[in-house]
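Down below is the structure, laid out as structure tokens.
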Amino acid sequence: MADARFFKVQGPFTVGQIAAIAKAELADPGLATRVITDVAPLEAASGEHLSFLDNKLYVDAFARTQAGACIVAAEHKDRAPAGTALLFSQYPYRSYALAAQAFYPPVKAAASRHPSAIIDPSAQLGEGCVIEAGVVIAARAVLGHGCHIGPNAVLGEAIELGEGCTVGACASLSHCVVGARVTIFPGVRIGQAGFGFAVSAEGVTKVPQLGRVVIEDDVEIGANTTIDRGAGPDTVIGRGTMIDNLVQIGHNVRIGKGCILAGQVGVSGSTRIEDYAMLGGQAGLVGHLTIGKGARIGAQAGIFRDIPAGETVAGSPGVPVRQFFREVAAVQRLAKGKGK
């Protein structure tokens with residue numbers, strides 16, 4: 001259960017209400033009036049709690065749970081403990097997320113401006129913004145209504161934020177245009193100069209980075225991630241993309257909508273990642289590639305070639321995932337033979 005010092009629970013809700021919120025089907029309508037006060041993991045849940053099963057590894061825990069209600073795929077109904085109200089869903093984790101949002105909705109702070117904030121007179125702030133201690137907002141910056149800027153964040157000259165954006169503590173933004181409802185976690189760096197230079201016999205010459213970072217609506221950018229501005233073309237992050245902590249995105253990269261980049265991913269300059277692609281943790285991509293729509297790249301993969309739409313790859317260099325596991329198995333067999 002969530003620590004009440006940090007999270008304030010709402011409700012309670014009946015099982016019937018939860019089914020509607022979670023877009024799930026209540027297996028036994030007779031349990032629709034049962035009252036649920038909170039969410040909890042399978043192992044810790046009691047009769048007043050809602051839990052969920054999404055991963056088959058936890059079927060045994062599901063069979064033992066004492067949860068008052070549980071969101072689950074219908075295929076697991078035979079393992080359900082007696083007395084638990086079942087809410088069937090094709091996507092249990094998503095249904096749980098919707099229910100958990102109802103119990104723990106985002107906390108919206110009242111509009112305020114800390115006296116220590118430094119805001120240029122030419123900056124434009126929409127109604128209802130929260131500006132915390134030590135914030136710096138430079139000339140001609142524009143913030144939509146309802147933005148929340150955390151302590152010591154720095155918003156550079158002429159940047160734009162759409163409505164309902166959140167910028168975490170100590171983040172810095174420059175040379176960027178950001179859409180609505182974008183969440184930027186603490187320590188993020190957006191719009192710094194890209195890693196662009198020309199090499200000759202006379203040495204290294206820095207190439208001016210004259211593009212921007214364009215971030216579309218409903219994007220999330222994890223703590224300490226860096227997104228470089230373009231060299232001429234813009235760096236673009238598509239609508240609804242989720243970026244984890246400590247990700248590096250180089251100049252001129254274009255990421256489509258609904259993509260997922262896990263922690264410590266590195267994307268070199270001018271690479272294009274099409275809609276709904278997924279990149280596992282610590283995957284590294286060289287520059288000027290195209291990662292096709294819906295492609296999946298395994299953790300720690302090294303990608304040196306274009307990846308077709310829908311393909312799943314693993315390893316370094318990245319190869320189709322079945323080929324990767326065949327190669328691993330072959331090496332294991334060779335190692336066992338050598339040891340005999």
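The values are calculated or read from the model by the stated rules, or taken from the named source; none is laboratory data. This one's a predicted model, so the numbers in the text were calculated from it and none came from an experiment. Here the Cβ positions follow ideal geometry from the backbone for every residue, glycine too, while neighbour counts run over all protein chains shown.
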From the set of residues in region 169-178 that are assigned to a loop (DSSP other than H, G, I, E, B) and surrounded by fewer than 21 Cβ atoms within 10 Å (Cβ to Cβ), which is farthest from the chain's Cα centre (by Cα)?
SER174
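Looking at region 104-136, which of its residues are in contact with an Asp or Glu (Cβ under 6 Å, 6 or more places away or on another chain) and either among the hydrophobic types (A, V, I, L, M, F, W, C) or assigned by TED's automatic domain parsing to the domain that holds HIS49 (or both)? Before the answer, list the steps.
Start the filter on region 104-136 by keeping residues that are in contact with an Asp or Glu (Cβ under 6 Å, 6 or more places away or on another chain), which leaves 114.
Hits for region 104-136: nothing passes.
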ALA63 fails exactly one of the following numbered conditions: (1) in contact with a helix residue (DSSP H, G or I) (Cβ under 8 Å, 6 or more places away or on another chain); (2) crowded, with 19+ Cβ neighbours inside 10 Å. What is the number of that condition?
(2)
Any chance you could count how many residues in region 149-167 are surrounded by fewer than 20 Cβ atoms within 10 Å (Cβ to Cβ) and not in a strand (DSSP E or B)?
6
Give me a count of the residues in region 208-232 that are modelled with pLDDT of 95 or more and either in a strand (DSSP E or B) or more than 18 Å from the chain's Cα centre (by Cα) (or both).
16
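Select, from PRO41, PRO12, PRO81, PRO105, the only residue that is closer than 30 Å to PRO151 by Cα, modelled with pLDDT of 95 or more and either surrounded by fewer than 21 Cβ atoms within 10 Å (Cβ to Cβ) or out of contact with any Gly (no Cβ under 7 Å at 6 or more places or on another chain) (or both).
Only one candidate passes the filter, namely PRO105.
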Take region 201-226 and flag every residue that is buried (at least 17 other Cβ atoms within 10 Å of the Cβ) and within 14 Å of SER270 (Cβ to Cβ).
GLN209, GLY211
